[in-house]
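Have a look at the structure below, then the notes.
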Number of protein chains: 2
Amino acid sequence: MSFVPNGDFASVGSASGTNHRPNRLGIVDGPQSSAAGNPDEIAKLFPSLFGQPSAILVPTDSDSGLPDKKLKIGVVLSGGQAPGGHNVISGIFDYLQDRAKGSILYGFRGGPAGIMKCKYTELNSDYIYPYRNQGGFDMIASGRDKIETPEQFKQAEETALKLDLDGLVVIGGDDSNTNACLLAEYFRSKNLKSQVLGCPKTIDGDLKCKEVPTSFGFDTACKIYAEMIGNVMIDARSTGKYYHFVRLMGRAASHITLECALQTHPNITIVGEEVAAKKLTLKNVTDYIVDVICKRSELGYNYGVILIPEGLIDFIPEVQQLIAELNEILAHDTVDEGGIWKKKLTDQSLCLFDFLPQAIQEQLMLERDPHGNVQVAKIETEKMLIQMAETELEKRKQEGAYKGQFKGQSHFFGYEGRCGLPTNFDATYCYALGYAAGALLHCGRTGLISSVGNLGAPVEAWTVGGTPLTSLMDVERRHGKFKPVIKKAMVELEGGPFKKFASLRDEWALKNRYISPGPIQFSGPGSDAISHTLVLELGAQA
Amino acid sequence: MSFVPNGDFASVGSASGTNHRPNRLGIVDGPQSSAAGNPDEIAKLFPSLFGQPSAILVPTDSDSGLPDKKLKIGVVLSGGQAPGGHNVISGIFDYLQDRAKGSILYGFRGGPAGIMKCKYTELNSDYIYPYRNQGGFDMIASGRDKIETPEQFKQAEETALKLDLDGLVVIGGDDSNTNACLLAEYFRSKNLKSQVLGCPKTIDGDLKCKEVPTSFGFDTACKIYAEMIGNVMIDARSTGKYYHFVRLMGRAASHITLECALQTHPNITIVGEEVAAKKLTLKNVTDYIVDVICKRSELGYNYGVILIPEGLIDFIPEVQQLIAELNEILAHDTVDEGGIWKKKLTDQSLCLFDFLPQAIQEQLMLERDPHGNVQVAKIETEKMLIQMAETELEKRKQEGAYKGQFKGQSHFFGYEGRCGLPTNFDATYCYALGYAAGALLHCGRTGLISSVGNLGAPVEAWTVGGTPLTSLMDVERRHGKFKPVIKKAMVELEGGPFKKFASLRDEWALKNRYISPGPIQFSGPGSDAISHTLVLELGAQA
């Protein structure tokens, strides 16, 4: 792969060096902002920041450009990895080199804990060089600690004072960006000069809104998974005897599963948000799968590919209910061999428990976390569905309603997608996010999230700026108090991506419309394509 | 991806169309051949074929070129998928179009069963077009049936007569090529005109010899697995808290695991052939892994990547012994809860059984195939090793010898590598193999395997021809009779690839020398690179 993303990110900054950059940059204010919900409560929680306008970077030839000053900036990677994180840092660094010479960039090590413990590396050209356009977060590592308590805010303040920070860029998901905004408010309330910005990161694709059309990493992760799915599709069609059940990363929302479906056209795709909206039971889901398998068998196809989101179980109300009851029972009672303990389950939960394969029953009973709770995350949903499909198919076979052969193969595509080489899109998008963050800090902004728009157009036409984090927020009531949250963007059943999928899935189910997109390419046709989700969402907005 | 492999396979045939092809091709005989072992027995088994010379295709301007005649050729894909199979077929087809106009190519459907049942598709340009350079075997599908019994040979003969076949190309692994040779001998003995050729296919890389330097599919599969391994390496280093245990396809030999190690530099790599040669026990293997984990922990690294060949268990003598004893005991005795049945195990097997994690013990006792035998293939070795490492590390922690944290993540990279888009190497190599097969049939040869040599050189300098299948053969005594076999090429502990690995593994174990090669590219730097295994083996031969 070449050293630089392909694009010339022309109007603001180019990864390819010095071309096309305007001599001066200016900032134009957008309209005043509000909140995603409950603006009155958000205004109370963020008195210094609420209502501020968004910011748009523009080339300018006038003398109204940004001030000539040196900055001290910190950057931190928060939470799970997403391809492109290193390019955000490169973008910030290059901005400072280009337009605020003599500035210093500190990389806080190991996530937010690095801020609290003041553990950092001063980043320079040589240090950053080998990580440009590379996947992973290993340049400065990441972590899942949060800056939440008054003591932790105090620690962050001490670090900001000690390093004389002008600004801090938090690269993270919904929680991390919420915390970035709280820190921006805290610093402002303490009259500290340190500004705080966020950057939208998560492969899950569930941090997005109108101004922030996608989170980085989603594009790469989906394309890596789609490569693998395409390969097992061709395998399924070549052998003619396997049903591949593929579980895909993405716990809260099913964007990854939906995007991979649009890229590859599997026979069956389960979208968690639809399961929840239609209040489907596990039996409903199994029946849907088995119905398709039976129909395909009649057409002579005893093979297929089925996509399942990692978080499927969390979307099924009856499963949540069963788990809650089990947690309660197992906390207080011993489990007798005879099964008398089962009488404490409600009828619905008992019925579901008996429906589950024995291995899953045992997993629910035996594998508990240190608090004694069922470990839902450890349940291998794809294996569970294979077993349930087997049982149901056996039943139908005995009834004469199914004559095929069924062999399930289970896959979990997860970790291998989080740290891949970023696609051209993610590499360029991240570089733009970082370059924007540098400019926004340079012009004194705080409490914004880097936002790059018009992503459906060529890179030269992308718009770059910042969106007030408070405008993404709503509140949730926890322990009697309002807490600010950036709500996860779920798959919208009325949105472009789902509607396209829904209009095609019956055809994909019975006819084999498989697409095997192959490995991500960095040059040549298709190497700059954006995700189907983004195309369809942008189309819906246009 | 472009329609054609990148190369101009100049001296014989080019995938890119009509360039560089000599006006005429001729055949030069190599020296007479013998067998890989027991030539007297091989001579008895193949009276018509034994000793024939190899054939080398050469460009010629004389009138001694190949005859001007139309051919009827059949082709069959046998066994598991390997990337490039479609290009072998394309190569045969294009040869016939170019140099034996009016010829017909039949694709037998679903593997050798298609020959026996005379189930075929007549292949033409439009039919083949969409499969060129694509992965999988879905053009005509594959199968695992074998032509073995006298009745089956008779069926094959009937098909050959019915279709008036001049030749048949069998694309397969060691067994399939052995059977191709038996069929060639049978047809010759019956005075049928139908010639039979083989083509070396298997991602496992265990079908090779001096004249056949590699089997196709190995290059692509290893590069797909190496992409995934590289990604989890970066993930491991980014989070700093996981040991990824990666099981890789390749049951009989560990070539894939070794090649992936050379491409990515994992901390620990288990090579089955070394385990067998050193007669290591499962405890030895576990201790080796745990020793490295402990040393890394002292250096501050509580993460890493470990590669394990799919067939590991088959290489450990004591495990084979235990399984044999269990099969015997469970066939005749009932298993009592108290464990009295265990007294029937030998001391060594009892000791091993007690050493195994409980889940594996249960798997050994409960999951039996229809014949009542333990299903070794279903044992998830990577999960077993994680559990054994956990137990041993816990023990060492209590002894004060280990202070780290251990979290294992298991992966199996298998099916997703068998049907990927072929690399430029596999695409071009396969096309050459197919083109060669066409030429060899055209000039009346039988009982050869397509062989393309000088693979370390640019494509223009590759040599193309055929090697007598009997020269790859040895015999094995089964049921009192000599059976011909092409012995699987195992990893040679004195060979170039293993020696390079052995000289570096201690450094890889403790220092992090990870390489994340990224997705296979079809253009740009590195896109034409051949495997480390091939480079090192060719170097050793030179």
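Residue check: is residue B:241 among the basic types (Lys, Arg) and more than 24 Å from residue B:404 (Cβ to Cβ)?
Working: among the basic types (Lys, Arg): yes; more than 24 Å from residue B:404 (Cβ to Cβ): no.
Criteria not met by residue B:241.
Being crowded, with 17+ Cβ neighbours inside 10 Å and of a type in the set (Phe, Trp, Tyr) is not true of residue A:482. Filter region A:294-317 down to the residues that are part of a helix (DSSP H, G or I) and in contact with a Lys or Arg (Cβ under 9 Å, 6 or more places away or on another chain), then identify the one that is farthest from residue A:239 (Cα to Cα). Within region A:294-317, the match that is farthest from residue A:239 (Cα to Cα) is A:317. Of all residue pairs spaced 6 or more apart or on separate chains, those with beta-carbon atoms under 7 Å, a first member in region A:254-267 that is farther than 14 Å from residue A:534 by Cα and a second member that is outside any loop (DSSP other than H, G, I, E, B) and small (Gly, Ala, Ser) are A:254/A:272; A:264/A:226; A:264/A:230; A:267/A:304; A:267/A:509.
Take region A:331-383 and flag every residue that is part of a helix (DSSP H, G or I), under 30 Å from residue A:304 (Cβ atoms) and of a type outside the set (A, V, I, L, M). I'd like the intermediate steps shown before the answer.
The first filter runs over region A:331-383 and keeps only residues part of a helix (DSSP H, G or I), leaving A:331-332, A:340-344, A:347-355, A:358-366, A:376-378, A:381-383.
Cutting the leftovers down to under 30 Å from residue A:304 (Cβ atoms) gives us A:351-355, A:358-364, A:376-378, A:381-383.
Selection gives A:351, A:353, A:354, A:355, A:358, A:361, A:362, A:363, A:378, A:381, A:382, A:383.
Across region A:190-229, the number of residues qualifying as of a type outside the set (Asp, Glu) and more than 14 Å from residue A:82 (Cα to Cα) comes to 17. From the list A:397, A:403, the lone residue that is part of a loop (DSSP other than H, G, I, E, B) and away from chain B (no Cβ under 14 Å) is A:403.
Any idea which residue in region A:31-46 is farthest from residue A:482 (Cα to Cα), counting only those that are surrounded by 15 or more Cβ atoms within 10 Å (Cβ to Cβ) and not hydrophobic (A, V, I, L, M, F, W, C)?
A:33
More than 10 Å from chain B (Cβ to nearest Cβ), assigned to a loop (DSSP other than H, G, I, E, B) and crowded, with 24+ Cβ neighbours inside 10 Å: is that true of residue A:197 in this structure? Considered against the rule, which asks whether it is more than 10 Å from chain B (Cβ to nearest Cβ), assigned to a loop (DSSP other than H, G, I, E, B) and crowded, with 24+ Cβ neighbours inside 10 Å, residue A:197 comes out as no. Give me the pairs, please: first residue somewhere in region B:342-370 and surrounded by 14 or more Cβ atoms within 10 Å (Cβ to Cβ), second residue anywhere and in a helix (DSSP H, G or I) and β-branched (Val, Ile, Thr), beta-carbon distance under 6 Å, and either six or more positions apart or on two chains. Listed by first residue and then by second, the contacts come to B:344/B:329. In region A:93-103 there is at least one residue matching the filter, namely being among the acidic types (Asp, Glu), farther than 25 Å from residue A:470 by Cβ and assigned to a helix (DSSP H, G or I). Looking only at residues in region B:488-516 that are outside any helix (DSSP H, G or I) and out of contact with any Leu (no Cβ under 9 Å at 6 or more places or on another chain), which one is farthest from the other protein chains (Cβ to nearest Cβ)? Here the residue is B:494.
Table: residues versus (1) in a loop (DSSP other than H, G, I, E, B); (2) within 14 Å of chain A (Cβ to nearest Cβ); (3) closer than 30 Å to residue B:154 by Cβ.
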site: B:176; (1), (2), (3): no, no, yes
site: B:214; (1), (2), (3): yes, no, no
site: B:223; (1), (2), (3): no, yes, no
site: B:231; (1), (2), (3): no, yes, no
site: B:244; (1), (2), (3): no, yes, no
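Among the candidates A:463, A:467, single out the residue that is open to solvent by less than 30 Å² (accessible area, probe 1.4 Å) and away from chain B (no Cβ under 14 Å). Steps first, please.
On the way: A:463 fails: open to solvent by less than 30 Å² (accessible area, probe 1.4 Å).
Of A:463, A:467, the one residue that is open to solvent by less than 30 Å² (accessible area, probe 1.4 Å) and away from chain B (no Cβ under 14 Å) is A:467.
Checking each residue in region A:109-125 for being within 14 Å of another protein chain (Cβ to nearest Cβ), more than 21 Å from the chain's Cα centre (by Cα) and not hydrophobic (A, V, I, L, M, F, W, C) picks out A:109, A:114, A:119.
Looking only at residues of region B:126-162 that are open to solvent by less than 10 Å² (accessible area, probe 1.4 Å) and under 18 Å from residue B:109 (Cβ atoms), we find that the one that is farthest from the other protein chains (Cβ to nearest Cβ) is B:160.
Taking region A:163-194, which residues are out of contact with any Asp or Glu (no Cβ under 8 Å at 6 or more places or on another chain) and surrounded by fewer than 24 Cβ atoms within 10 Å (Cβ to Cβ)?
Step one: of region A:163-194, the residues out of contact with any Asp or Glu (no Cβ under 8 Å at 6 or more places or on another chain) are A:163-172, A:175-178, A:180-185, A:188-189, A:191.
Residues satisfying the conditions are A:163, A:164, A:166, A:175, A:178, A:182, A:185, A:188, A:189, A:191.
All conditions but one from (1) more than 30 Å from residue A:249 (Cα to Cα); (2) crowded, with 21+ Cβ neighbours inside 10 Å apply to residue A:59; the one that does not is (2). Is it true that residue B:290 is in a helix (DSSP H, G or I), at negative phi, in contact with an Asp or Glu (Cβ under 7 Å, 6 or more places away or on another chain) and open to solvent by less than 10 Å² (accessible area, probe 1.4 Å)? So residue B:290 fits the description; yes.
Here region B:101-125 is the region considered, the condition is being among the basic types (Lys, Arg) and closer than 16 Å to residue B:77 by Cβ, and the residue that is least open to solvent (accessible area, probe 1.4 Å) is B:109. Every condition in (1) buried (at least 19 other Cβ atoms within 10 Å of the Cβ); (2) outside any loop (DSSP other than H, G, I, E, B); (3) at pLDDT 95 or above holds for residue A:416 except the one numbered (3).
Here's the yes/no breakdown for (1) within 14 Å of chain B (Cβ to nearest Cβ); (2) in contact (Cβ under 8 Å) with a residue 40 or more places away in the chain; (3) more than 15 Å from residue A:196 (Cα to Cα); (4) among the hydrophobic types (A, V, I, L, M, F, W, C):
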residue: A:423; (1), (2), (3), (4): yes, yes, yes, no
residue: A:426; (1), (2), (3), (4): yes, yes, yes, no
residue: A:434; (1), (2), (3), (4): no, yes, no, no
residue: A:437; (1), (2), (3), (4): no, yes, no, yes
residue: A:443; (1), (2), (3), (4): no, yes, no, yes
residue: A:446; (1), (2), (3), (4): no, yes, no, no
residue: A:451; (1), (2), (3), (4): no, yes, no, no
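Of the residues screened, residue A:196 is not one that is among the aliphatic types (A, V, I, L, M) and touching a His at 6+ places or on another chain (Cβ under 7 Å). Filter region A:517-542 down to residues that are small (Gly, Ala, Ser) and assigned to a loop (DSSP other than H, G, I, E, B) and give me whichever is farthest from the other protein chains (Cβ to nearest Cβ). Selected residue: A:542.
The values are calculated or read from the model by the stated rules, or taken from the named source; none is laboratory data. Bear in mind the structure is a predicted one, so any value in this text is a computation, not a measurement. Methodologically, a virtual Cβ is constructed for each residue, glycine included, from the backbone with ideal geometry; neighbour enumeration extends over all protein chains shown. Ligands, DNA and RNA are excluded from the accessible area calculation, which covers all protein heavy atoms including side chains. Shrake-Rupley method; radii C 1.70, N 1.55, O 1.52, S 1.80 Å.
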